[in-house]
Structures are given as structure tokens and as C-alpha cells.
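Data first, discussion second: the structure below is written as C-alpha cells.
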Amino acid sequence: MALSAGFAVPGTIGLLAWSPRAEAADLSIDLSARRGDVTMIDGTTALMFGFSATGAMSWPGPTLVCQEGDSITVNLDNTLHTPVAFKVGATNIRYQASAQNQISFTFSAPPAGTYLYYDDQNNGVNRIMGLHGTLVVMPAGIKDRPFVGGPQFVRQYKWMFSNVDPAWGEQVRNLGDYQVSAIDPDSFNPRYFTINGQAYENTHEYNTELMGHYDEAAYVRMLNAGGIVHAPHFHGNHVEMVTINYERFSAPFKNKDAVSMFPLDVRDVIFPFKAPPDAYPPVSTNQIQHFPMHCHVEMSQTAGGGSYPHGAHAPIVMGAAPQTESDLTRKVDELS
């Protein structure tokens, strides 16, 4: 793997820990489009596609973190026997590699924000099969706001919502990679629902579980790469809506306890880590409180067609900082 310095700098504050630079940089990364078996929460294996920065199958793809003004070169090795596209949502950035071919392309970082990169072919089938990841663009010279004039945070997290239909993978396994173009999107029957590639209880990990002392606001970047509507519902606090599909809002932000997300939607919110205002008896700021985030789409709380609660929900811990600050090292990123 080749990866230039500057994509993401591990640090002590937040999942997308970032050391801002005074000037833009030329960045590069080697990605490969691959296939492989992924083990679900109940032990079932599913054949998936994925973008990898490690030379081994991984899903979802690596989270790429840069800043405004950067120039990004992607060296894409398509190991699949079917064409692969690299599209950045809400932009004109799109490149395609033919089957078993290598391409290189360069683009300028879009404005500060959260972007889904994905394969947009075959009416969403390629994306849902696993060819997706996150591009985060930070504002130049700033590490604790999502964009100039945006709200301040102490930590920031990324939640990538994905779904898995093992039957689609079996079609590809039995008939070849090119079979992906023949899969009917209407046949989608999701059986597994994940955040950052994990289902509960495996979401008890530092890149997904929200943790913080009271008044340590967290910025949560949520992307729906799957094929169903998600509605993450937060307990403990309402969240403040900061961006909806790249449209920025200003304070006072609209407060929501459930955030509807259609496929390809991106929503950025602030979880304020305030003492729950309606708790009785009242919560003091020296108490540690545990709350869930669970999706209000009922089936998404299960795995394998009914195994509850092994779906798309995540823990929230108020009153304590994480022992290990999130830094994107889980699963796929060796971003340094």
C-alpha cells in the first residue's frame, strides 16, 4: 500500500483526529476493488465487494480525510471481473476502471464536508454490494469545526450505514463477478444492517460508540450507503441538524430525536452531551449515563431475518471520555 502523509493524522481528539495544515498538499492513495467473504454478526459469511487500501478485502472502504485545497490522486487497481466506478457524491468527480484494469486519476478536494464515494453502476447494486466509503474534507487550518463558521466540537465520528443481502453475493460467487450487472435491484432482501461494517454488539468499539463528558459536543457524520431508509433515533439528547445532503444550516439548529435517511443521504449532526433535560430524578454531571441509538426502521435492528438486537444501533455513554480516542485505525485505515 502506498499512502502519502497528510490524509489523516492520528491524534488525541476524536475519530477524525486532524492536524490542520497551513497550506494545501498533494495526496495520493492506492485503492483496490476486491471481493471476499465477510463474516456477519451471527457467523454467516457473505460474499461482498469492497474498496481496500491494504491489499486485502475490506468493507466498507477506507475513510479518506483531507482538507480544502488538497489535490488527491487515486491509483485504483480493479481486481474484479466487472467494471468499477469511483464516484464522489454531490460532485462531478467520477472515474471508471474496466474489468481487471488499473487507472490513476487526480481531483481537487471539494468544499469542506462529508461525502460518500461509491460505485454508481447497476442501479445501486454495486454500491450495496460493498463498493463505498467516506471522504471527509476538513476546513483549511481548523480541526474542531466542520466548516468555517460551523459549530465547534470536541470529537467527531463517522457512521456509515450499510445493508447486506447474502443472496446477491451467492449469485456472484456461483456465476462470476460480471453477474452483478444482472442482479435485479428489486430483488434486494437485506438480512444484515451495519454501522461502520459492524452490527450490535460489535458497535461497542471506539470508532462507533459515542462517548464524552457533559458539554463535550460530538459531531456525527452519517451516511446511508445501503438500499433501505434508515432513521437513527437518539436517546439522552436530541441532535442538532447541521447539514442535510451538503446543505449547511446555521444556529439555532433544528433539534431532532430521529433523523430520516434515504439511500445515498448524508446527514451531519451535533450530539451535544447535555444532561438529559427531562430525566427524573435529575442527572448530575458527575454521573455516567448509558443510552442507545437505534434505527426506527424495525427490521434494521435484527440480523439474519430476526436475530435481535444484532442490527444497526450503537451505544452512547455520557459523563466519561473514551479510554482510546477514535482515530480511524479500525479495520482498514493506515492513514498517517
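Among the residues of the stretch 174-189, those that are surrounded by 11 or more Cβ atoms within 10 Å (Cβ to Cβ), in a helix (DSSP H, G or I) and not small (Gly, Ala, Ser) comprise 175, 177, 178, 179, 180, 185. Residue pairs whose Cβ atoms lie under 7 Å apart, sitting 6 or more positions apart in sequence or on different chains, and linking a residue in the stretch 24-50 that is open to solvent by 60 Å² or more (accessible area, probe 1.4 Å) to a partner that is among the aliphatic types (A, V, I, L, M) and assigned to a loop (DSSP other than H, G, I, E, B), are 34/57; 35/57; 35/80. Among the residues of the stretch 308-323, the ones that are surrounded by fewer than 17 Cβ atoms within 10 Å (Cβ to Cβ) and more than 17 Å from residue 219 (Cα to Cα) come to 3 in all. Spot the failing condition for residue 100; the list is (1) out of contact with any Phe, Trp or Tyr (no Cβ under 8 Å at 6 or more places or on another chain); (2) in contact (Cβ under 8 Å) with a residue 60 or more places away in the chain; (3) open to solvent by 50 Å² or more (accessible area, probe 1.4 Å), and only one is missed. Condition not satisfied by residue 100: (2).
Matching residues to (1) under 30 Å from residue 69 (Cα atoms); (2) of a type outside the set (Phe, Trp, Tyr); (3) open to solvent by 50 Å² or more (accessible area, probe 1.4 Å); (4) assigned to a helix (DSSP H, G or I):
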residue	(1), (2), (3), (4)
104	yes, yes, yes, no
114	yes, yes, no, no
150	yes, yes, no, no
215	no, yes, yes, no
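Take the conditions (1) under 19 Å from the mean Cα position of the chain (by Cα); (2) open to solvent by 60 Å² or more (accessible area, probe 1.4 Å); (3) farther than 15 Å from residue 292 by Cβ; residue 204 misses just one of them, which is (3). Checked against (1) open to solvent by 10 Å² or more (accessible area, probe 1.4 Å); (2) under 20 Å from residue 265 (Cβ atoms); (3) within 18 Å of the chain's Cα centre (by Cα), residue 132 passes all but condition (1).
The values are calculated or read from the model by the stated rules, or taken from the named source; none is laboratory data. All figures in this text were calculated on a predicted structure; none of them were measured in a lab. Using ideal geometry, Cβ is built from the backbone for each residue, glycine included, and neighbour counts are taken over all protein chains shown. Keep in mind that these areas ignore ligands, DNA and RNA; they rest on the heavy atoms of the full protein, side chains included. Shrake-Rupley method; radii C 1.70, N 1.55, O 1.52, S 1.80 Å.
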